[in-house]
Amino acid sequence: MNTYNWYAELIKPRWAPPSWLFGPVWTVLYAIIAVSFGAVFYNAYKGKLSWVVTLPFVLNLIFNFAFTPIEFGLKNNLLASVDVLLVVGTLMWALAGLWQAAPQLRWVVYANIPYLLWGTFATCLQLTVTYLNYK
């Protein structure tokens, strides 16, 4: 409850979505990530894709899963802002690299457009919240 109260008390922009929306959105996005990233890792395992191409996918997962402990565990908006920038940056790197390296996996790029759009929105939101609450 302490974390919920902390986040509820932060100054947020008027365009911030309600808190209840994040759970359903991330549930759908994690399903997309599981299937599409899984296809990338499977193709690398089978030797159809260079392991170098998977690096930004691995980094993206690390940064994505680090966000919640940073934002809500450490309650550190500034570090969470850096992290969310890394999430979006590694996703763009991953999708651009995959587009070039594996035409047969371009469906992964298309499948991750919602993740990229939400991630970009979440980045704008996090940067705004950080700015509004910077002391």
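The values are calculated or read from the model by the stated rules, or taken from the named source; none is laboratory data. If you're wondering where the values come from, they're calculated on a predicted model, not measured in any experiment. Here the Cβ is made from the backbone with ideal geometry for all residues, glycine too, and neighbour counts use every protein chain on show.
Details
- Only residues that are in contact with a helix residue (DSSP H, G or I) (Cβ under 8 Å, 6 or more places away or on another chain), part of a helix (DSSP H, G or I) and touching a residue at least 24 places away in the same chain (Cβ under 8 Å) were counted in the stretch 108-135, giving 14.
- Across the stretch 103-115, the qualifying residues are those that are buried (at least 16 other Cβ atoms within 10 Å of the Cβ) and aliphatic (A, V, I, L, M), and the one among them that is farthest from Ile62 (Cα to Cα) is Leu105.
- Selection over the stretch 72-84 of residues that are without any contact (Cβ under 8 Å) to a residue 40 or more places away in the chain and either surrounded by 14 or more Cβ atoms within 10 Å (Cβ to Cβ) or β-branched (Val, Ile, Thr) (or both) gives a count of 4.
- Given (1) touching a Ser or Thr at 6+ places or on another chain (Cβ under 6 Å); (2) at pLDDT below 95, number of the condition Pro13 does not satisfy: (2)
- Qualifying residue in the stretch 88-102 (condition: surrounded by 15 or more Cβ atoms within 10 Å (Cβ to Cβ), closer than 30 Å to Tyr4 by Cα and among the hydrophobic types (A, V, I, L, M, F, W, C)): yes
- The number of residues in the stretch 41-62 that are of a type in the set (A, V, I, L, M, F, W, C), surrounded by 20 or more Cβ atoms within 10 Å (Cβ to Cβ) and part of a helix (DSSP H, G or I) comes to 1.
- Residue in the stretch 8-31 that is surrounded by the most Cβ atoms within 10 Å (Cβ to Cβ), counting only those that are closer than 28 Å to Val109 by Cα and β-branched (Val, Ile, Thr): Val25
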